[in-house]
Amino acid sequence: MNLVHLTASTFFGGPERQMLGLARALRDAARTTFATFPEGGRGEAFLNEVRAHGFATVPLTTDFPKVFAAVRELAGVLRATACDVLLCHGYKANIIGRLAARRAGVPAVAVSRGWTGETRKVKLYEWLDRRHLRFMDHVVCVSEGQAAKVRRWCRVPARRLSVIRNSARLSAFESADPTARARLLGFFASDAAVSQIVLGAGRFSPEKGFGVLVEAAAAICKDNPRAGVVLFGEGPLRGDLEARVARLGLTGRVVLPGFRTDLDSLIGGADVVVLPSYTEGLPNVALEASAAGVPVVATTVGGTPEVIADGATGFLVPPGEPAAIAAKVTDLLRAPDLRADFGTAGRARMRALFTFDAQAKAYLQLIDTLLGRAPLRVAANQT
């Protein structure tokens, strides 16, 4: 069986990790090819990563606004790879992918992770995406929370809608990096005297709510003079976050080291991970923190409550409330035994519910249905 993933990737982030994890789990059952739009050359970071894992890649040469040329090029790729099913990630992939798949005579599946509304331009594209999803052959939502939005806003028939959750990359967190804590502490100045670490990670854009976490940090650091907050990521709100840190007198206690490719090895060195988002599909950071045995404080949005068991693997709080975040983080920083219990429960929850083996089997069942083929088998693999 031949699968093609189509995306407009500009870096190797959460969605890209999910695509690669699925391809690795399906390695014995399917040949996977990754195609990405040019995006000014920024797609190479993702393609280089998947090439390193032995997968075929196709850097496309055409893009919006040359829609017809892009459709022709992609249809040619689908024929050349003998594609059985096209998996589309994002509004651009959905629109061009569906048209190209029609030309090539293969099903097109949209993987719906959520909408950010980050800018006016993005809002327009996402508006188009929501009205386009109903025309896809099938829509896979990464959480029940996202599926509820798709049902409500996109009018996708139930027979063409499935929930296949994002997965935790368990193998990346089986062994703790003994240097992780020291490396995290190294982001703080020595005179800050930080010994407890709160970690956040993601794109610095409005929907991620990092301004709320900075506000919460003021109370966290006041209550605990040993606490520090490290925020990994980049994005349009970086300047605003830096200004807010300075205004609240948190310079040296809240640090923004930028986007990191080694977050896997760092996250296990934190005491608490915080997700202050206003909207989510199913957050990779929550999965990875739990897989690393770190308790999570997160907002009750999208699929996050499907990942974090409130009071068992972390705490859930309403979005936009820095005081609620600060209170729960402070509770965890004061209670090392509770952190350990939550971490152990988080690991167990990931092993039970969020493996790439389970995700791969669900995709194979869906593909069997779309193609009318006899069920295929996939070897167990906790990738």
_Under the rule of at least 5 residues apart or a separate chain, name every residue whose amide H is placed under 5 Å from the amide H of residue 315._
296, 297, 298
*Sum -39500 (n - 2.57) across every DSSP H segment of at least 4 residues in the chain, then divide by the residue count to get the 222 nm mean residue ellipticity, nearest 500.*
-13000 deg cm²/dmol
*In whole Å, how far is the Cα centre of segment 305-360 from that of segment 95-153?*
29
*asked:* Among the listed pairs 222/328; 92/208; 66/149; 121/149; 149/361; 149/328, which have their C-alpha atoms separated by more than 19 angstrom in this model?
replied: 92/208; 66/149; 121/149; 149/361; 149/328
*Considering Cα pairs under 8 angstrom that are at least six residues apart, work out the relative contact order of segment 169-257 and quote it in whole percent.*
34
*Specify the inter-centroid distance of segment 268-298 and segment 221-236, based on alpha-carbon positions, in whole Å.*
15
*Cα-based helix-to-principal-axis angle, 322-333 vs the chain, degrees rounded to 10*: 70
_Residue-wise HN-Hα coupling along segment 112-127, computed from phi with Karplus coefficients 6.51, -1.76, 1.60 (Hz; x: Gly, Pro)_ = 9, 9, x, 10, 9, x, 4, 9, 4, 5, 5, 4, 5, 4, 6, 4
*Going by C-beta contacts inside 10 Å, put 89, 132 in order with the fewest on the left.*
132, 89
*Report, by chain and number, residues whose modeled amide H sits under 5 Å from the one on residue 232, excluding near sequence neighbours (fewer than 5 apart, same chain).*
200, 201, 202
*Which far-off residues, 5 or more places away or on another chain, put their amide H under 5 Å from the one on residue 31, with H placed in the peptide plane?*
2, 3
*GNM, the chain, Cα, under 10 Å: largest mean-square fluctuation among 283, 236, 65?*
65
*Can you list which of the trypsin sites (Lys or Arg not before Pro) found in segment 38-90 are DSSP loop residues with at most 14 other C-beta atoms within 10 Å?*
42, 66
*Take 125, 363, 91 and order them by how many other Cβ atoms sit within 10 Å, fewest up front.*
125, 91, 363
*Which whole-Hz couplings ³J(HN,Hα) result when phi for each residue of segment 15-26 is put into the Karplus expression 6.51 cos²θ - 1.76 cosθ + 1.60, θ = phi - 60°, listed in order with x for Gly and Pro?*
x, 5, 5, 5, 4, 5, x, 5, 4, 5, 5, 9
*Pop the C-beta distance of residue 368 and residue 334 into the FRET formula with R0 = 45 Å and round what comes out to the nearest 0.05.*
0.30
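No value in this document is a laboratory result; all are computed from the given coordinates. Just so it is clear, the model here is predicted, and its values are computed rather than measured. Glycine gets a Cβ as well: all are built from the backbone with ideal geometry, and neighbour counts include every protein chain shown.
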